[in-house]
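The values are calculated or read from the model by the stated rules, or taken from the named source; none is laboratory data. Not measured: the values here are computed from a predicted model. Calculation scope for accessible area: heavy atoms of the full protein, side chains included, ligands and nucleic acids excluded. Shrake-Rupley method; radii C 1.70, N 1.55, O 1.52, S 1.80 Å.
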Amino acid sequence: GAILNHPALAKAFLTFNNHVASASTVSKRIRELLILRIGWLRRSEYEFHQHVVLGRRAGLTDAEIERIEAGPDAAGWDTVDAELLRAVDELHADACIGDETWARLSAHFDTKQLMDIVFAVGCYEVLAMAFKTFGVSFEPGVEPLAPDVRARMHATRAKE
């Protein structure tokens, strides 16, 4: 509801977000993998928490969700998932997917899908900024992140 304080902005953004959420050419599972990683990297508790639920619905396992914290080099990822996570890390670090990662992703995704990958990460990067800046809190009845997850999220930030 925070962006509804600016109706014109909300309308424009929600049109874009609707494409990412429902008209994207990549699967829901892939979108949630991307969103969870950028949420983790941006230390956006609200975003990460909301998308844990959506990620499970999209087919991510609890083990995969936990492994998202560790990133693309964690043991257990298949090759494509690792490259998707690497793409998020590169977009986060440099606002660009590196040539090698792009080439590896291009073997599995067409141009529209690659574009949707970039825009999904960008969309949720903006939302993480907004949620954190505007102090968006969890809705009544929604429990915050488990204390151990929250501690890991913020401990990782301190190391960077």
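Surface composition of the chain: carbon and sulfur make up 58 percent of the accessible area, probe 1.4 Å. Between Glu125, Glu66, Glu143, the Gaussian network model of the chain with springs among Cα atoms under 10 angstrom shows the greatest mean-square fluctuation at Glu143. Here Thr15 sits with roughly 90 square angstrom of accessible surface, probe radius 1.4 Å. Going by the alpha-carbon gyration tensor, a ≥ b ≥ c the square roots of its eigenvalues, is segment 1-140 rounded (a/c under 1.5) or, if a/c is not under 1.5, prolate (a/b greater than b/c) versus oblate? It is prolate, given that a/c is not under 1.5 and a/b is the larger ratio.
In whole percent, what relative contact order does the chain give with Cα contacts below 8 Å and a gap of six or more residues? Rounded, it is 31 percent for the chain.
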